[in-house]
Amino acid sequence: MASIGQVPVAAESYELLIEGDQPRVYAPRRRGSGRRVRIGRGLILVVAGLYFLVPIYAALYFALQNDQGHFSLAPIAAIPSQPGLGSAFWLSARLAVVTTLIAMILMVPTVVYMYLKAPRLKPLFETITLLPIVIPPIVLILGVLEAAPLWLKSSPYLLSLIYVILAMPFVYRSLAAGLAAIDLATLVEASRSLGAGWFRTLWRVLMPNMRSAMLSATVLTVALVLGEFTMASLDLWETLPVWIVDFAQSNAHITTAVAMLSLLGTWLLLTLIVSLDRSQSRRTLKRKQS
C-alpha cells in the first residue's frame, strides 16, 4: 500500500510521478489505454492493408484467368514475346536514370547553399517547389511542347527535364529532412578549415551524411517516372505505362499481368535501395563502435 497524505491507496492503481527528497506523489493509472492504442493501430494497419491488397488481388485474379474462367500462367509466359514491351521498358528505365541524375545534380547543391547561405529563402523555396503539385501535368506538358525547340521535342529526354520538375517537391523535402538532421554549418566549417574546397566538401563530407535523404529522393523519383502516363502520352513516346494502356485494347489479361509485374518490380527495386542504405548504415555504425 502507498499513501498520499494520510489516505492509503493501492499501489498497483497508482504510478510514481515524483520521487527523491520530496514526498512521493502518486497519480491513478489509466488501465487499458495501452491496449486500446494497440487495437487502434492494428485496426488502422488492417484497413490500410486491405485498401492496397484487395485491388492487387482483384487484378491478379483477372490477369491469371483464361477465356474459360480457369486459372492459367499463360498470360505471364506470353509477356516476353509481346511486341514493343522491351523497348517501352528500356525507355522508362533510361528516363528514370537520367531524371534522377539531373534532379540530384540540380537540387543537392541548391538546397545545401540555401540552408547554409540563404536560410531566409526557405519559405519562398518551399512555395516554389509546391507549384508542380498545384499545376496540372497536362497544362505543364502542353506549355513545354509549345515553347520547346524542335530538336528537343524530337528527343525522349525532354520528358526527363519535365519529370525533374514533377519530382521537385519530393526531392526537395527529402533533402531538406536530411539536412535538418545534421549540423551543416559545423561540417562545412570543419572541412573548409582543413583546406577542402566547396566541391570536395560537398562530395566527401556532406553527401555521405545525406545518403539516406538522397536515397529517399531517388526512390520517389524512380517511382514517379515509372508510373507517369499523361506527359509521355501527349509527347508521343511509348513508355511502359503508355504501352500498357495501348496494348490493353488487344489483350487485357496480358497488360494487367504486365502492370502487376511492373508494380512488383518497382517495389523490389525500392526495397533493394532502402536495404542497401540500411546495410551501409549498420556497417558505418559497427566501424564507429569498434
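The values are calculated or read from the model by the stated rules, or taken from the named source; none is laboratory data. Fair warning: this is a prediction, and the values are worked out from it, not measured in the lab. Reconstructed Cβ throughout: ideal geometry from the backbone, glycine too, with neighbour counts over all protein chains shown.
The helices (runs of 4 or more DSSP H) found wholly in region 89-182 and carrying at least 1 residues that are among the hydroxyl-bearing types (S, T, Y) and under 19 Å from S216 (Cα atoms) occupy 122-134, 158-180. Here the condition is being exposed (fewer than 13 other Cβ atoms within 10 Å of the Cβ), over 30 Å from A185 (Cα atoms) and touching a residue at least 40 places away in the same chain (Cβ under 8 Å); of I133, I76, I138, it holds for I138 alone. In region 56-111, the residue that is nearest to I128 (Cα to Cα) out of those that are assigned by TED's automatic domain parsing to the domain that holds S174 and among the polar types (S, T, N, Q) is T110. Residue check: I39 meets all listed conditions (1) among the aliphatic types (A, V, I, L, M); (2) modelled with pLDDT of 80 or more; (3) closer than 30 Å to S174 by Cα but one, namely (3). May I ask you to verify whether P136 is modelled with pLDDT under 90 and either under 20 Å from the mean Cα position of the chain (by Cα) or more than 18 Å from I162 (Cα to Cα) (or both)? Taking the combined requirement at face value, the residue does not satisfy it. Considering the conditions (1) touching a residue at least 24 places away in the same chain (Cβ under 8 Å); (2) within 19 Å of M114 (Cα to Cα), W237 is excluded by exactly one of them, (2).
Entry remark, region 183-231: residues being charged (D, E, K, R), in contact with a helix residue (DSSP H, G or I) (Cβ under 7 Å, 6 or more places away or on another chain) and either part of a loop (DSSP other than H, G, I, E, B) or not assigned by TED's automatic domain parsing to the domain that holds V274 (or both) number 1 in total.
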